[in-house]
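Read the figures in this text as sums done on the coordinates, not as results from a lab. If you're wondering where the values come from, they're calculated on a predicted model, not measured in any experiment. Here Cβ is always computed from backbone atoms with ideal geometry, including for glycine, and neighbour counts include all displayed protein chains.
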Amino acid sequence: MSKRGKSQASLADAGLVIVDKPEGATSHDVVARCRKAFSTRRVGHAGTLDPMATGVLVIGIERATKLLGLLALTTKAYTATIRLGYATSTDDAMGERVGGAPAHGVDRSAGESAVDALRGTIQQVPSSVSAIKIGGRRAHALIRDGEDVSIPARQVTVQRFEIVAERRIGDVLDLDVEVECSSGTYVRALARDLGAALGVGGHLTALRRTRVGPFRVEDARPLADVQAAPSVGLGMDAAVRTAFPLRDISADEAESISQGRWLEPVGMKGTYGVADPDGRVIALVKESGRRAASVLVVRPATLR
């Protein structure tokens, strides 16, 4: 196959797969399995999930890997279970117990009050076993090597944090919660901080991501199904239409932007897609001054 033929094929096969990640698998595990299923090395993911977590993981195939860094995955939604009664070394069920107190005295009113204080724009210290880099190394790698880790607090936004159910099991109290938050928020840290505020310790026992940006768990496919019948859920056109605003352009403008030139701005903010009269997305562009310049040419002139 010619270089042009391979490029055309990779564009035809490109797109996003919204995977419902199973518990126990890392995000890199999912990428590796998709590489094997789709018979390509050009696979990537956006929005890492912990091994314990399940739910929405956005996978890019072929040319769609170039979209991943541009996706506006700034808001996320989760369902989770927080266990009050003791803390753990990892802020989740995978860590060792590191102290706490029986949660007998925690009633719904006290829990609601403590949750209220964790809503809005807050300063949050990420979990010490997170993937945040400190001095060029991941925090969890430093912990694994026995080094002390101190992660500075950072600003995050928790739009929603609601208790939807509770269960008492001996000395512990399990709270089922729903969370909507900004990118960079650690639900494990919310569990830790809730337990600390109540004086009993807390950690996460279950976490499921139900939405990231515009991608919902209802539209996700179990990983096993993707492996058994690999296919992209959203082709390049559908992926851009789902994730970005769209601007219609003329055939001449499409030809121009496909060759790396720029368009006249129209006052649209942020990154957006431009589509030709046939509805094909030609590029993602961003306006600056008197230009709307491409940040990614989806269909270069050599592919059209």
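Quick look at the numbers
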item	result
Calculated on alpha-carbon atoms, Rg and Dmax of segment 183-304 in Å	20.9, 66
Karplus 3J(HN,Hα) series, Hz, for segment 217-225 with 6.51 cos²θ - 1.76 cosθ + 1.60 (x for Gly, Pro)	5, 5, 9, 8, 10, x, 4, 4, 5
Dipole in debye (nearest 20) - segment 244-303, about Cα centre, beta carbon charges: Lys, Arg +1; Asp, Glu -1	300
Principal axes of segment 144-215: Cα extent on each, largest first, Å	38, 35, 21
P(r) of segment 244-303 over all Cα-Cα pairs, binned every 5 Å from zero, in whole percent	4, 23, 37, 26, 9, 2
Hz values of 3J(HN,Hα) by residue in segment 281-296 - Karplus curve (6.51, -1.76, 1.60), Gly and Pro given as x	6, 9, 7, 9, 10, 9, 8, 8, x, 9, 10, 10, 9, 6, 9, 7
Residue-averaged 222 nm ellipticity for the chain, from DSSP H runs of 4+ at -39500 (n - 2.57), nearest 500	-6500 deg cm²/dmol
Table column - 3J(HN,Hα) (Hz), segment 72-82, Karplus curve with 6.51, -1.76, 1.60, x for Gly and Pro	8, 9, 7, 10, 9, 10, 9, 10, 8, 10, 9
Top of Gly289, Gly273, Gly44 by mean-square fluctuation, Gaussian network on the chain, Cα under 10 Å	Gly289
Compactness of the chain, expressed as Rg and Dmax over alpha-carbon positions, Å	22.4, 71
